[in-house]
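Notes to accompany the following structure.
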Amino acid sequence: AVLVESLLVFSVVLSVHAVVWDRFSWCAVAVAVQAFYVQFKWDRLLQLGGAVFQFRGAANSGVLPASMVMPLLGVVMKERCRAAGIVYFERFGVVVASTGMLLALFLSVLAVGITKPVPTNTCILTGVAGSVVIYTMKHSLTVSEVIEVLEVLLIFVYLSMILLYLLPRCFTPGEALLVLGGVSFVLNQLIKRSLNVVEGRGDPIDFFLLVVVVGIILLGLFFTVLFLFMDSGTWISSMFFHMMTAVLGLGVIMPWLYRLIQRNPLFWLLQFLFQTQTRLYLLVYWTFLAASACGVVFYQNAKRSSESKKHQASTITRKYFHFIVVATYVPGLIYDRQLLYVAAVLCLAVFIFLEYVRYFRIKPFGQTLRHLLSLFLDERDSGPLILTHIYLLLGMSLPVWLFPRSCAPKGTLPGAGALVPYSGVLAVGVGDTIASVFGSTMGEIKWPGTKKTFEGTMTAIFAQIIAVALILIFDSSVNLNSSYAWILASVSLVSLLEAYTTQIDNLLLPLYLQIMLMA
C-alpha cells in the first residue's frame, strides 16, 4: 500500500514537472526521491518506538505525500502568476516552493539523525537533494527571500517541539509537517505584513484569515500552558478562560487587525457580511444548514441513549456532514466566493474554540461537547484532540483560501484551473463521500493491501465527473477549454490516492487535486 501511494505521488510530481519543466520542478523531483527513502526510515522508527515524540498510530509516516504539497503548490502558483505577468505573486510562489522543500529536508535530516545505525544510502540521497535545493535557492532567491524561508523553518522547529510534546498521538510525521508547516508560514506572513503595513495595499479578507488563524492558535497555546498549573474543569477556571478570551480577542487580535486593514474590524465585518441581498440569503441558508448539522448530532446521540449497544456512528452517518458541507460550499462558490472565504475563516475559529472548550472541559458546555462528539470518533482521533471535523472544514476551505485571485484577472483561471476552488467539493465532498458510502455498502473487490474497494473508487471517479458536468451547467464562470482528459486524469489519481493513503484524506486530497488542476 505504501509503495502504491508513493507511486501515485510520483505520478503527480512528474505530471507537474512535465508541464512546468524548470529548475524548481527538478528540485521537486529530487526532494520526492529522497522523501521516498526517508519515509521508510520514519516508518521503522514509528514501529520500533524510536521517534522523539508520540505520533498517531494505525498509519504510516506519510512523509512523501506531505513533503510534496508545499513545493508543488509553490511551483504551480509561480507558473500561473508568471503567465499572468504578476511578478509579486510569482516571487511569492518561489518562496512557498523553497520553504516547502527546506521543511521536507529538515524532516528527512531529523529521521536520518536518530536512525541507528546511520543509513548510508539515505544520507547520500538527502545530501544530494539538499545540495540541489540550496544551489537553486542561492541562484533564484534574493537575500530577503532567503531570510523569509529561514524564518519559517525556525518557527516550524519551535512550534513542532511545543505542539508535538503537548499533543501526543494527534499527528503522523507527515501530518505534522503539513499542518505545522502551514501554520508557521501563516505566522511568518502575518509578522512580515504587520511590520510593512502600506495603506491601501492588500486585501482585507487575506489579513482577516492571517490574524484569525494565528490569534486562535496563540490563544490555545496560552491556555495550554496556563492549565498546566491549574485545574481547567472548575467554575473559577472556566470564568477565567472566558474572560481572558475576551481580553485577548479585544485587546490583541482586534487592534492587530485594525493596524492591517486601517478600519474598525467589527464595523468592516458587519458591513462586509450584509453588503448585498445575495449575502443575506446565503447567510440565512447557511444558518439553516448549521442547525441541521446540530440536529443530526443531537438525533444520533438520542439514538445512542435508546440503543445501548451502539457506541459509534456508522460511516454513512458520518458522511451526512459531508453532504451538508457540499450543500454549504457550492452556492457560495457560485454566487459569492469572497463571502464564502470570510465565512469559512469564522467557522474555523468557532470550531477550534469549541475544541478548546471540549478539551479543557470548560463549563458550562465542555463536558456536554465531550459526550456529544464521542459518538463520531474514528481511529484517526487517537490523541487528546478531535480534529476530523476541523480537517473536513480545512479540506473544503483551503482551495478557496489558496486560490491565486490576483493572478486570475477575470476571477477564474483558464482551462482546468477554473475548477481549483471546487477542489475540496470534488475530492472530499463528492469523491471521498461516494467512495465510502458505496464501498462500505456494495464493495466486494478490495484494493491490495487496503480496506478500500475497487467499486468505491470507480464510483467516486464517476461521481466527480458528473459533479464537474453540473458545475459547468450552473457556474457560468467555468470554461474548461477542452481540458477534459487532464481533469479525468487528475480526478482518477486523487481517487486512487484516497484508496491507498493512511493520512488524513480530508486534508490531503483537496490539496493534491488543486495542484493538478492548477498545473
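The values are calculated or read from the model by the stated rules, or taken from the named source; none is laboratory data. Computed from a prediction, not measured in an experiment: that's the story for all the values here. So basically every Cβ, Gly included, is an ideal-geometry build from the backbone, and we count neighbours across all protein chains shown. SASA here: full protein model, heavy atoms, side chains in, ligands and nucleic acids out. Shrake-Rupley method; radii C 1.70, N 1.55, O 1.52, S 1.80 Å.
Details
- Test: Gly113 is in a helix (DSSP H, G or I) and modelled with pLDDT of 85 or more: no
- Residue under evaluation Met101, criteria (1) crowded, with 17+ Cβ neighbours inside 10 Å; (2) in a loop (DSSP other than H, G, I, E, B), criterion not met: (2)
- Flag if Leu394 is free of Cβ contacts under 8 Å to residues at least 24 places away in the same chain, open to solvent by 30 Å² or more (accessible area, probe 1.4 Å), assigned to a helix (DSSP H, G or I) and in contact with a Leu (Cβ under 8 Å, 6 or more places away or on another chain): no
- Look at (1) open to solvent by 80 Å² or more (accessible area, probe 1.4 Å); (2) touching a residue at least 24 places away in the same chain (Cβ under 8 Å); (3) not in a helix (DSSP H, G or I) and you find that Arg259 fails only one, number (3).
- At least 1 residues being of a type in the set (Ser, Thr, Tyr), at pLDDT 90 or above and under 20 Å from the mean Cα position of the chain (by Cα) is the threshold, and among the helices (runs of 4 or more DSSP H) wholly inside the stretch 273-380 those reaching it are 315-335, 337-359.
- Residues that are more than 25 Å from the chain's Cα centre (by Cα), under 20 Å from Thr317 (Cα atoms) and either surrounded by 12 or more Cβ atoms within 10 Å (Cβ to Cβ) or outside the structural domain of Leu496 (by the TED database) (or both) within the stretch 442-452 comprise just one, Gly443.
- Those helices (runs of 4 or more DSSP H) of the stretch 118-201 in which 3 or more residues are open to solvent by less than 80 Å² (accessible area, probe 1.4 Å) and in contact (Cβ under 8 Å) with a residue 60 or more places away in the chain occupy 120-140, 173-195.
- Residues of the stretch 481-492 that turn out to be under 22 Å from Lys319 (Cα atoms) and under 19 Å from the mean Cα position of the chain (by Cα), as a count: 1
- Any chance Phe462 is among the hydrophobic types (A, V, I, L, M, F, W, C) and farther than 25 Å from Val69 by Cβ: yes
- Hits in the stretch 12-39 - residues which are in contact (Cβ under 8 Å) with a residue 12 or more places away in the chain and either closer than 19 Å to Lys116 by Cβ or open to solvent by 40 Å² or more (accessible area, probe 1.4 Å) (or both): Leu14, Val19, Arg23, Trp26, Val33, Phe36, Tyr37, Val38, Gln39
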